[in-house]
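Below is one structure, written out as C-alpha cells, with a few remarks after it.
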2 protein chains.
Amino acid sequence: LQRIDISGLTGSSTVLVGETIARLVDYAPADRTIVITDHKVEALYGRRFPPSPTIVIGSGEAAKNLDTVRHIYQRLLALEADRSSFVVAVGGGVVCDTVGFAASTFLRGIGCGFVASTLLAQVDASVGGKNGVNLDGYKNMVGVFNQPRFVICDLELLDTLPPEEVRCGLAEIVKHAAIADAALFRFLENHSAEVLALEPAVMERLVADSVRTKAAIVNRDEREAGERRKLNFGHTVGHALEKSGGLRHGEAVSRGMVAAAALSVKMGLLERGAADRLTALLQRLELPTGVWHAPQNILEALKHDKKREGDQLHFVLLESIGRAVIERVPIRAVEQFFTSR
Amino acid sequence: LQRIDISGLTGSSTVLVGETIARLVDYAPADRTIVITDHKVEALYGRRFPPSPTIVIGSGEAAKNLDTVRHIYQRLLALEADRSSFVVAVGGGVVCDTVGFAASTFLRGIGCGFVASTLLAQVDASVGGKNGVNLDGYKNMVGVFNQPRFVICDLELLDTLPPEEVRCGLAEIVKHAAIADAALFRFLENHSAEVLALEPAVMERLVADSVRTKAAIVNRDEREAGERRKLNFGHTVGHALEKSGGLRHGEAVSRGMVAAAALSVKMGLLERGAADRLTALLQRLELPTGVWHAPQNILEALKHDKKREGDQLHFVLLESIGRAVIERVPIRAVEQFFTSR
C-alpha cells in the first residue's frame, strides 16, 4: 500500500495505491455514505460494495453530461442527503468526473471519495481535483476544481478490464513519463511485456510513480495557471481527435502525443530520435501512433479548446524525454502544421 | 461611493455602493466582457450596458434552474468564450445567483462581476460568494462558493423597482440589523418614512451598513461552518413558506423572522419586548408579519432544508436585538412549536 498526498486550495486528498474496495469502510463514514457507480461496475463488483444506498448511472463517455448530473442530484434529494452525507464514486474516469462534479455542487459541496476501477482513472482522472462533464460534445466544458477526500486505486479491479481500456491507462502513464519522469520512461521501455501482462508488482510501480508525478505537478499548480498545463501533453490534438469520433481517450492521447512530439521537432525543440523513442514505446504498448485524418474537423475542434486564449493555443511540447515546456502557438501555425503534413 | 472588501477562499470581492453601471468599463475588461441579464432589466436599462455581447435569460424565481444554466453554457460556447472571458451579471438575485454559478463552472470557472439592480441583490444575493440554482422546487440545492470580482450597487437602478421588491430588500436589511447591528436597527426604527421614500442618502447608508455587516460575517466564515449561519435568521421557516407558495422571498423572510423570534422567546432566549420591536419595525416597513398557514407543508419542506443534520435543524435565534445565536433544535421540537400555535 502506497499513500500519496495532494494538497489543493479547497482541501487535500490522499491517493491509496494498492488499497482495496473491501476496506472502503475504513475511509468513508459508514452511516452517511452513498455509493454512486455505473451499470457495468455494479454488475462486476456490486457485491464488494459496503451496504450503503447506491445510485447507478449510465456508463461510458455518453453518460458524462449534465443530464446525468441532474439525475444524481435528484436521487440525492430523494435519499434525503444533507451536508453531512458522503458520496463515494466507484468506477472509471467518467464516473469519478461526473460524481465529483455533482458532489462538489450539491448543497454547494458535500464530501466525496473515489474508488478508481480503471487504470486510466487510477493514474489520471481521479488524481488532481479536476472534475466535470461534457457539453454538446465538447469535453469537460463544465466543472470545478475540488479535491476528493481520498482515492482508492484497487489494483485487483484491473483484472476484469478489457485490454483496450488497459491501453488507455498506459497512454497516460507514458504521458507522465514523457513530460516529467525519464526513469519511468526507461522502465516502461524495458518492461513492456510485463506491463502488457499486468504483472502486479510492475503495475503497482507504474500507478504509484505515475500518480506521484501528477501529484507533484498538481501540488505546485492546482489551478492550472502554469506548470499543470504540462499534463495536457497530447491532449490538445487528442481531444480534437476524440471529438471527431471513433477513438478512445487513451488512443486519441497516444496519437496526440505523437503529433505534439512532431510539432516539437518541427519547432526545433526536440531531437528527432527522442520523438522516435516515444513513438516506439507507444507501439510496443499496442497504442496507435498513425497520422490522423479529417484535419478540418480537428482544426474546428481546436478553436473550442479550453486552452485557447484569443488566437493562440497553449501547446505542450517536449524538449527531451522527461521534460515538457508550454508554448503559446498561434492557431494559424498549428493549422499550417496540420495541413502541410 | 463606498468600497467594502470581502475576502474568500477562492478570491476576493469588492462591493461598490453608489457606483453606476455607466462606469462598468472601469472594472471589466472591455474586449473580453459578456453581459448576462434578464428580459426585464434589459428592457429597462439595456441602453446603459457596455457594447458587449449580451445573453438574455428569463426573469423571476422560475428561471433560477439548471435549464437556464445550460442555456448560458450553450450561449457562452456559441460566443466562443474562453478562459480569458469575463462575465458580468446585471440584475437581481436570480440573475446574480444563476450567472454566478454558470461562470464558476463554465471551463471550471471564468471571471465574473455583478451589477446588482435590486435592493435585495445589493444587500444580500450579490454579497458573500454563494451562488446556485433551485432543483425541483427546492431552493439553492445546487451551487458553489465563489466570490465575484466586484459587485456594483447602483442606487439609481432602484428608482424603477416595484414597491414590493423594495420591501423584499428591506427585510434582509432588517435581518442584518437584528442579528448584528443594533445601531442600524434603531436607525431603521427612527427613519422608516425616509426609507419607504427611498431617500438617496438614507438608502446609501442602509445598503453600505448592511453590506458591511454581511461582509464582516462572511470574512470570518465564508464556508458557513459556524457564524455565517446567522445570516439564515428567518430563512429556515422563510424558505419553507416560500416553497409552499405565494410569497416573495422578503415577505417569507419577514414572517420567518417573526417565527424565529417567537421561538427564541419560547425557548427563554429573548425578551418578549425585543420580539415585539422586531414585529413593529417590519410592520412599519409594510412587511407581512402574520401567522403562517399550512404548517404541514412547512414541516415537510423543513425536512429538506440544507441546514438539517440528521434529525436536528440549525436554527438561528435571537438573544437580543443585534445579537443572534445558532442552536441545534430537534425537528420534533420545531414541529411541536408550529402545531401548538
Q | Local electrostatic count at A:Asp136 - Lys and Arg +1, Asp and Glu -1, tallied over other residues with Cβ under 11 Å | A | +3
Q) Considering the rotational relationship between chains B and A, which residue of chain B contributes the beta-carbon of minimal distance to the axis, and what is that distance to the nearest Å? A) B:Val144, 3
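Give me the tail of P(r) for region A:1-144 as a percent: Cα-Cα pairs with distance above 28 Å.
9 percent
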Q: With everything on Cα atoms, drop me the angle between helix A:272-284 and the longest principal axis of chain A, reported from 0 to 90° to the nearest 10.
A: 40 degrees
(Q) As a test of the formula, what do you get for chain A when each DSSP H run with n ≥ 4 contributes -39,500 (n - 2.57) and the sum is divided by the residue count, at 222 nm and rounded to the nearest 500 deg cm²/dmol? (A) -13000 deg cm²/dmol
Q. Do any residues of region A:9-36 lose at least 10 Å² of accessible area when the full set of protein chains is present rather than just their chain alone, and if so which, with a 1.4 Å probe?
A. A:Leu9, A:Thr10
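Charges at C-beta only: +1 for Lys and Arg, -1 for Asp and Glu. How large is the resulting dipole of region A:206-296 about its Cα centre, in Debye rounded to 20?
80 debye
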Q | Qualifying lysines (Cα of each under 19 Å from Cα of B:Lys40; at least 8 residues distant if same chain) | A | B:Lys64
Q.
For A:Lys266, place a label point 7 Å from Cα along the Cα-to-Cβ direction in every copy; what are the distances to the other copies, in nm, shortest first?
A. 7.4
Q) Using θ = phi - 60° and the Karplus form 6.51 cos²θ - 1.76 cosθ + 1.60, what ³J(HN,Hα) does each residue of region A:183-200 get, whole Hz, x for Gly and Pro? A) 5, 5, 4, 5, 4, 5, 4, 8, 10, 4, 5, 4, 4, 5, 8, 6, 4, x
Q) Say a label goes 7 Å from Cα toward Cβ at A:Gln336 in every copy; what distances in nm does this one have to the rest, shortest first? A) 8.1
(Q) About the Cα centre, and with charges only on the beta carbon of Lys, Arg (+1) and Asp, Glu (-1), how big is the dipole of the protein assembly as shown? Nearest 20 debye, please. (A) 320 debye
Q.
What figure, in Å² to the nearest 10, do you get for the accessible area of A:Ser52 with a 1.4 Å probe and non-protein molecules left out?
A. 20 Å²
Q: For chain A, just the Cα set please: Rg and Dmax, both in angstrom.
A: 19.3, 60
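With +1 on each Lys and Arg Cβ and -1 on each Asp and Glu Cβ, how big is the dipole of region A:114-220 about its Cα centre, in debye rounded to the nearest 20? Present the calculation step by step, with values, prior to reporting the outcome.
Numbers: 10 positive and 14 negative charges, 121 e Å.
Using only the charged Cβ atoms, the result is roughly 580 debye.
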Q) Given the options B:Arg277, B:Arg212, B:Arg47, which has the most mean-square fluctuation in a GNM of chain B, springs set between C-alpha atoms less than 10 angstrom apart? A) B:Arg47
Q.
Taking R0 as 25 Å, what FRET efficiency do you get between A:Ala43 and A:Glu194 from their Cβ-Cβ distance, rounded to the nearest 0.05?
A. 0.25
Q. What FRET efficiency would be calculated for the residue pair B:Val25, B:Asn297, taking the C-beta separation as r and a Förster radius of 51 Å, to the nearest 0.05?
A. 0.60
Q.
Taking the Cα centroid of region B:42-120 and of region A:119-142, what is the distance between the two, rounded to the nearest whole Å?
A. 25 Å
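Just to confirm a number: summing +1 for Lys and Arg and -1 for Asp and Glu over residues other than B:Gly246 whose beta-carbon lies under 13 angstrom from that of B:Gly246, what do you get?
-1
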(Q) Can you list the residues in region B:114-136 whose accessible area drops by at least 10 Å² when all protein chains are present, compared with the chain alone? Use a 1.4 Å probe, heavy atoms only. (A) B:Lys130, B:Asn131, B:Leu135, B:Asp136
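Between B:Thr160 and B:Glu319, how high is the FRET efficiency from 1/(1 + (r/R0)^6) when r is the Cβ-Cβ distance and R₀ = 35 Å? Nearest 0.05. Intermediate results must be reported in sequence, preceding the final value.
Working: r = 39 Å, r/R0 = 1.12.
E between B:Thr160 and B:Glu319, to the nearest 0.05, is 0.35.
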Q: Please report, largest first and rounded to whole Å, the three semi-axes of the ellipsoid equivalent to the protein assembly as shown, where each semi-axis is the square root of five times an eigenvalue of the C-alpha gyration tensor.
A: 50, 29, 19
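The values are calculated or read from the model by the stated rules, or taken from the named source; none is laboratory data. Since the model is a prediction, treat every value here as computed from it, not as a measurement. Counting neighbours? That spans all protein chains shown, and the Cβs are built from the backbone with ideal geometry, glycine included. The area values use the complete protein model at the heavy-atom level, side chains included, leaving out ligands, DNA and RNA. Shrake-Rupley method; radii C 1.70, N 1.55, O 1.52, S 1.80 Å.
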